[in-house]
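Engineer: Got a structure for you, questions after.
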Amino acid sequence: MKKNRQPQKIDASENIIRKPLFWVVFLSMMFLIGLPVCLLAPPSTESADSIDLIADYYYSITGVSMWIVIAGFIFVLLAINLYFYFRFKLIIHQKRFSVTPIFGPTYDVPFSSIKKVELIKWSNKGSHIDIKYSNKKLTVFYTVDRYGEFKQKGVAVLSKKFEEHKITIVEDYDFPV
């Protein structure tokens, strides 16, 4: 007898944190802007622009427009970033949080097992929170508005949960050089 799998119900009091969407938006805009270039005819030999000459040489060697290859590469990057956006998820509960990493199964982390929390505001990787627990490290990226408040409401709730469970948050400013 086959058991039907019930979808996981998310309580209204729980909050979900996902990866920010700025790479997905940027790559989709680049793909949509570059799509008309792909549909154009191959470049003529009368133009003297260097980019047209490079595209003409590429077309004569491979038989495929260089712009189609570039648009395909951007589309693949867009698909990878969409997968990362939909796959990574952090759900905040009352006494724990559940993490669905990009690769691997979902697991729960109780707030009592957290050893250190670092709020890194400026770095080469972007603004993120490093949560260290039982020899593991979880990095949660976030975005802020111009007033310094979190755009994702789940990150603010997560920091309040850390305060409720008396976990100190160490702020670090790692300015990129």
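Engineer: Sort out which residues of the range 77-97 are open to solvent by 80 Å² or more (accessible area, probe 1.4 Å) and under 17 Å from Val25 (Cβ atoms), and write them in order of number. Break it down stepwise before answering.
Structural biologist: From the range 77-97, those open to solvent by 80 Å² or more (accessible area, probe 1.4 Å) are 83, 86, 94-96; that's our starting set.
Across the range 77-97, the qualifying residues are Tyr83, Phe86.
Engineer: Test of understanding: among Thr143, Thr168, which residue is under 19 Å from Arg96 (Cα atoms) and either open to solvent by 30 Å² or more (accessible area, probe 1.4 Å) or basic (Lys, Arg) (or both)?
Structural biologist: Numbers: Thr143 fails: under 19 Å from Arg96 (Cα atoms).
Being under 19 Å from Arg96 (Cα atoms) and either open to solvent by 30 Å² or more (accessible area, probe 1.4 Å) or basic (Lys, Arg) (or both) holds for just one of Thr143, Thr168, which is Thr168.
Engineer: Continuing with this model, one more query. Which one of these does Ile102 not meet: (1) surrounded by 16 or more Cβ atoms within 10 Å (Cβ to Cβ); (2) under 20 Å from the mean Cα position of the chain (by Cα)?
Structural biologist: Status for Ile102: all satisfied but (1).
Engineer: Among residues belonging to the range 1-36 that are among the aromatic types (Phe, Trp, Tyr) and more than 25 Å from Val99 (Cα to Cα), point out the one that is modelled with the lowest pLDDT. Lay out the reasoning, then the answer.
Structural biologist: First, pick out the residues of the range 1-36 that are among the aromatic types (Phe, Trp, Tyr): 22-23, 26, 31.
This time we only want the ones that are more than 25 Å from Val99 (Cα to Cα), so: 26, 31.
Working: Phe26: 89, Phe31: 84.
Per the criteria, the residue is Phe31.
The values are calculated or read from the model by the stated rules, or taken from the named source; none is laboratory data. Note that this is a predicted model, so its numbers are computed, not measured. Cβ: placed from backbone, ideal geometry, glycine included. Neighbour counts: every protein chain shown. What goes into the accessible areas is simple: the full protein's heavy atoms, side chains included, and nothing from ligands, DNA or RNA. Shrake-Rupley method; radii C 1.70, N 1.55, O 1.52, S 1.80 Å.
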